[in-house]
Amino acid sequence: MYPSGFSKKEEKYKMKKKLISLLLTGVMAASLLVGCGSSEAPAAAEPAAAEVVEDAAAAEEVVAETAEATDGVIKVGFAQVGHESDWRTASTKSCQDVFSAANGYDLSFVDCDNDEAAQKEAVRSFIEQGVDYIIIDPIIATGWDTVLTECDDAGIPVIIIDRTVDDSDKYVSWVGSNFLTEGQAAGEWLKAYADAQGISEINALVISGSTGSSAQIGRSDGFKEMADKYGFNILDEQTGDFTEAGGQEVMESYCKSYAGKFNVVVCQNDNEAFGAMTAMDNAGVAYGVGTDVILISFDACTAGLEEVKAGKITADFECNPLAAPFVEEVIKTLQSGGTPDKEVYMVEHWYALPDQIVDFSINGEAQKMTEVTDDVIAAQY
Ligand code: GYE
């Protein structure tokens with residue numbers, strides 16, 4: 001089921017088109033009348049002709065304005081989560097590149113700095129501005145129904161990217177990743193790799209992402225499912241808020257509380273992994289390939305893959321931030337009166353060095369891992 005906002009938008013668009021053609025007919029009729037009035041019209045008709053001239057001028061103005069709103073630039077509002085990670089920087093750049101003035105868009109971009117209230121305010125400001133489309137990357141998964149209903153009432157289609165909204169379906173499309181699958185992939189890889197290495201006991205410390213974000217929920221749930229299935233011990237799970245500073249802080253405290261007791265560290269994004277690496281370096285804990293501590297990360301942005309290549313991150317599970325071209329497809333479909341897919345999944349890869357590449361399946365589906373090479377790194381975001 002598609003939200004009614006979609007058909008309202010269509011209706012509005014049709015109404016504007018109808019208005020333009022009516023007004024254009026009016027302008028043409030008025031010019032004809034003016035032409036007649038100057039030579040042949042009886043004196044009594046003259047005031048009426050003057051009125052028509054005024055109306056025609058006004059009509060031309062409205063036509064110009066309306067034509068600009070419909071046939072010209074497409075106004076897009078984007079309420080971005082913040083700027084907490086390399087992933088986020090790549091996501092923002094992707095949107096700014098696609099929704100550029102050169103491509104025919106007028107983009108209102110708001111960096112919500114991880115503030116849920118500010119994000120809802122940003123969406124409301126887009127409604128006030130009368131944008132044509134609203135893009136939201138929801139900081140947390142819940143609490144969206146009221147503001148999405150307001151977008152719906154205003155007839156503005158909403159496209160959700162990356163993280164999901166879990167308590168409302170008042171949006172046209174969602175474009176993003178399967179975070180549960182990412183978490184499951186990490187757990188299945190860990191089991192296969194540990195078996196290949198003869199490691200019989202897993203004692204894992206998890207540094208999770210921003211609490212309540214669907215990226216955190218999915219990755220935590222997916223990994224926990226595998227921990228339950230294979231009997232891994234999860235010693236602790238605390239949030240690093242998807243930041244390098246957060247990852248470092250949590251790992252510093254883990255190094256004190258769990259010294260010598262862990263052999264796996266799972267960071268829910270690369271930036272947290274960088275912070276955890278600094279904390280382990282400072283605490284004199286060796287990690288990565290050839291050590292007793294396996295370091296798992298998510299995102300696989302350029303800097304993350306460089307650490308895989310260096311043998312510091314043992315395996316990195318990709319989350320693809322380049323959603324904007326798919327969002328543009330959704331908008332093009334709506335512009336032409338079509339029905340876009342409700343869900344669009346990004347394609348992702350699981351990365352490691354050759355000696356850490358093992359065969360594993362997720363829910364019975366065989367996975368193919370990708371070797372990190374300089375070319376792979378150069379092609380990454
Ligand atoms: O993993 C993290 C970012 O929502 C998938 O947010 C995104 C996550 C990503 O800050 O680096």
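Can you give me the long-range amide H partners of Y105? Hydrogens built in the peptide plane at 1.01 Å from N, cutoff under 5 Å, separation of 5 or more residues or another chain.
Those qualifying (amide H under 5 Å, at least 5 residues apart or on another chain) are I74, S100.
Considering the options F298, T314, N263, tell which one lies farthest towards the positive end of the dipole of region 220-336, charges being +1 on Lys and Arg and -1 on Asp and Glu at the Cβ, about the Cα centre.
Ranked along the dipole, the leading option is N263.
Calculate, in nm to one decimal, what V110 and V73 gain on full extension: separation in residues at 0.36 nm each, minus their alpha carbon distance. Don't skip to the end; give the middle numbers.
On the way: separation 37, 0.36 × 37 = 13.32 nm, distance 1.91 nm.
Roughly 11.4 nm would be gained on extension.
At most 11 other Cβ atoms within 10 Å and a DSSP loop assignment: could you name the GluC sites (Glu not before Pro) in region 151-244 that fit?
When the GluC sites (Glu not before Pro) of region 151-244 are filtered for loop state and at most 11 Cβ neighbours within 10 Å, E201 remain.
Between their Cα atoms, which of K256/K309; K75/K224; K170/K191 are more than 31 Å away from each other?
K75/K224; K170/K191
Here, each number is a calculation from the coordinates, and none is a lab measurement. Small disclaimer: the values here were computed from a predicted structure and weren't measured. For neighbour counting, all protein chains shown are included, and Cβ atoms are generated from backbone atoms with ideal geometry for every residue, glycine included.
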